[in-house]
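These notes concern the structure reproduced below.
The values are calculated or read from the model by the stated rules, or taken from the named source; none is laboratory data. Note that the coordinates shown come from a computational prediction; the quantities given were computed from them, not determined experimentally. Every residue, glycine as well, gets a Cβ built from its backbone with ideal geometry; the counts of neighbours run over all protein chains shown.
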């Protein structure tokens, strides 16, 4: 029985990856920003607002879903997430003419739906693969990072370049997405299940899933200093990636105006997503071999160097895309390592609820940081120095990545 489960667990990873690709629509919001700004005359701060609220709602949904899936299992929770994501896109299509309407539909309802669906495959895979936590979580969330590779060019094509037509193509795009998510996300959820109590992979000498020597409930976890260090590291480490992803499409479109662009901004977003997804798998594998701390320090160093040495002085489409890809590569690692580190420090039994709370750092970062920097860029644009505004933004982000590395140095495995 154990051997058959050991061989069959790959199907759960496959279902997790397919769902995560669809959930990666969240990272494709920057494709909508330019058309919405053209159609309605919105500022950068206005067009980024649905994205900010979607990240906050995503994190809030994860906290609720984490507790719920620990009690009811992943299938029901992920199915509800798919329904909410589809409903959110439907509302966004109906209320697309106002910032508030998009915040309600895409930001809040769809964001909560993504949070419900996102945490379940992570918690499930951690339990099925206790022998390869870093790698399997990286593989599972790789799909989320690759989402824009699928959605970026497709959304760009559906929306089109005719500003007048965008009044109908934008809502139509949301309606199509609603149907895709209702079928795809809810369908993938039907393959979800957790291993029997006490199960472990055949031939593996470690502890059975859910029987770690350290198994902390959420209330116990928040009483440890490691929770707060991990939370702060997550906030600082992902600030670079979340800001770059939110600004990627407008940045690439601006750079393309100068000529020399081999691909469209939407395709550039797709290339970024490849690096985002590859980073999740690569850094997860590195952490399994060399340890979590060396991997985290490597990710922070890559982010800082990309911001300080590439993005700050990027003078063309290619150099800009290179910097964005390096940021995406390091950012992806945080989404792979943080669930694994949560299980390392606090046990796998309650990882759904525990990681949901740790993930609130990502949500709060996504709500506060991109909005703050969008305001700086609006101010720089009003003074006719948008390039200088980007230089300031990426200098600050480089400093935040260095601060994250400093926090990471204080983490060690064990009880808090």
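For segment 60-156, the helices (runs of 4 or more DSSP H) that sit wholly inside it and include 2 or more residues that are buried (at least 22 other Cβ atoms within 10 Å of the Cβ) and touching a helix residue (DSSP H, G or I) at 6+ places or on another chain (Cβ under 7 Å) are 74-94, 110-128.
Return yes when residue 282 is assigned to a helix (DSSP H, G or I) and modelled with pLDDT of 80 or more and no when it is not. Don't jump to the end; show me each part of the working.
Values: assigned to a helix (DSSP H, G or I): yes; modelled with pLDDT of 80 or more: yes.
Taking the combined requirement at face value, the residue satisfies it.
Yes or no: segment 180-192 includes at least one residue that is crowded, with 21+ Cβ neighbours inside 10 Å, in a loop (DSSP other than H, G, I, E, B) and modelled with pLDDT under 90. For segment 180-192, residues crowded, with 21+ Cβ neighbours inside 10 Å, in a loop (DSSP other than H, G, I, E, B) and modelled with pLDDT under 90: present. Each residue in segment 6-54 was checked for being touching a residue at least 12 places away in the same chain (Cβ under 8 Å) and on the phi > 0 side of the Ramachandran plot, and 0 pass.
Pairs linking a residue in segment 382-401 that is modelled with pLDDT under 80 to a residue that is crowded, with 20+ Cβ neighbours inside 10 Å and in a helix (DSSP H, G or I), with Cβ atoms under 7 Å and 6 or more positions apart or on different chains, are 386/377.
Please enumerate the residues belonging to segment 308-319 that are in a helix (DSSP H, G or I) and either within 19 Å of the chain's Cα centre (by Cα) or surrounded by fewer than 23 Cβ atoms within 10 Å (Cβ to Cβ) (or both). Please lay out each step first, then the result.
We begin by selecting, within segment 308-319, every residue in a helix (DSSP H, G or I); these are 308-313, 317-319.
Once the filter is applied, which keeps residues that are in a helix (DSSP H, G or I) and either within 19 Å of the chain's Cα centre (by Cα) or surrounded by fewer than 23 Cβ atoms within 10 Å (Cβ to Cβ) (or both), segment 308-319 yields 308, 309, 310, 312, 313, 318, 319.
For segment 29-59, give me the residue count where each residue is under 23 Å from residue 389 (Cα atoms) and touching a helix residue (DSSP H, G or I) at 6+ places or on another chain (Cβ under 8 Å). Can you show your working first?
Narrowing segment 29-59 to residues under 23 Å from residue 389 (Cα atoms): 29-38, 41-52.
Then drop every residue that is not touching a helix residue (DSSP H, G or I) at 6+ places or on another chain (Cβ under 8 Å), which leaves 29-38, 42-52.
Going through segment 29-59 one residue at a time, the tally reaches 21.
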